[in-house]
1. Can you find, within region 94-111, the residue that is nearest to G22 (Cα to Cα) among those that are in contact with a helix residue (DSSP H, G or I) (Cβ under 9 Å, 6 or more places away or on another chain) and not aliphatic (A, V, I, L, M)?
2. Do any strands (runs of 3 or more DSSP E) lying entirely in region 74-134 carry at least 3 residues that are closer than 21 Å to G45 by Cα, touching a strand residue (DSSP E or B) at 6+ places or on another chain (Cβ under 6 Å) and in contact (Cβ under 8 Å) with a residue 12 or more places away in the chain, and which ones are they?
3. So, P102, is that one at pLDDT 95 or above, over 12 Å from the mean Cα position of the chain (by Cα) and surrounded by fewer than 20 Cβ atoms within 10 Å (Cβ to Cβ) or not?
4. How many residues does region 43-56 hold that are within 14 Å of R116 (Cβ to Cβ) and part of a helix (DSSP H, G or I)?
Amino acid sequence: MSVRRMTKGARPHSLGAFKPVGHVVVALPSDELARQAMQALFDAGFDDDDVMFVTAEEEGAQMQHMLGHASQLAGFGYEVTLMRRYQQLAGEGCGWLLVYAPDTQHAERVAEVARRFDARLAERYHWLVVEDLI
């Protein structure tokens, strides 16, 4: 199976739960820090198509919608727990980056930038697991 870059209009999911395989989801303390971290990712070699910025308000609304439509089966998975965490962090004003990182080298670069900008979390999505990067 190939991994595709996500877009704001097409967020990948499984059983209604957010499941962006091949991406790293990063929560930063504010929208402004997320924008600064996005520029750092561009400086580190990522392309415009690789990085999606999402405001705290957009992320909160998206997670609320997805949580309201997730399958009951999805409730048994870690993805729903993460979606609730994402909604909470968005409510606290965290800005978001969704970064296409299909291999370990890319994911490590994302994690380095996330640490530099005091990210609250960085989660790498694999097919079967979600990996904490910071």
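The values are calculated or read from the model by the stated rules, or taken from the named source; none is laboratory data. Every value quoted in this text rests on a predicted model; they were computed, and no experiment measured them. Reconstructed Cβ throughout: ideal geometry from the backbone, glycine too, with neighbour counts over all protein chains shown.
1. Y100
2. Working: elements: 95-100, 121-125, 130-132.
Those strands (runs of 3 or more DSSP E) span 95-100, 121-125.
3. No, not satisfied.
4. So the count comes out to 1.
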